[in-house]
Amino acid sequence: MSQTCPHCQLAITAPKMKQYENNFRCPHYQIKLVHNETDILLYGFIFISLITISLVLIGHTNTFIAISIASISYHFLRPVFFEPHFRIKHADF
């Protein structure tokens, strides 16, 4: 899924988060960019909360096990389902 560069407003394909250390560069103007940390935390919190609550209430699973399953699921599903929806922002460092 293509995302929009906040600097040049052109569509770019951002690399996966595991493919860069601190930031990546816009292919058009070489501006340092990162995925928005707020989106990362918000998507993670919502996904882990919903899965944990579902497993505890519907599946009658132990809370510790439910949180573990939800966290591991988010870790494996993030690159495929969540990262394409993260906004991109300028790197401030």
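The values are calculated or read from the model by the stated rules, or taken from the named source; none is laboratory data. Fair warning: this is a prediction, and the values are worked out from it, not measured in the lab. A quick note on method: Cβ atoms are made from the backbone with ideal geometry, for glycine too, and the neighbour counts reach across all protein chains shown.
For segment 40-51, does any single residue satisfy the condition of being on the phi < 0 side of the Ramachandran plot, assigned to a loop (DSSP other than H, G, I, E, B) and of a type in the set (Val, Ile, Thr)? The answer is no, given that none of the residues of segment 40-51 is on the phi < 0 side of the Ramachandran plot, assigned to a loop (DSSP other than H, G, I, E, B) and of a type in the set (Val, Ile, Thr). Residues that are surrounded by fewer than 16 Cβ atoms within 10 Å (Cβ to Cβ), β-branched (Val, Ile, Thr) and within 13 Å of His85 (Cβ to Cβ) within segment 1-43 comprise Thr4, Thr38, listed in sequence order. Among residues of segment 14-32 that are assigned to a loop (DSSP other than H, G, I, E, B), those with a Cβ under 6 angstrom from a residue that is of a type in the set (Lys, Arg), sequence gap 6+ or separate chain, pair up as Asn23/Lys32.
If you check Ile46, Ile53, Ile67, Ile72 for being more than 26 Å from Ala11 (Cα to Cα), under 21 Å from the mean Cα position of the chain (by Cα), modelled with pLDDT of 95 or more and buried (at least 17 other Cβ atoms within 10 Å of the Cβ), only one passes: Ile67.
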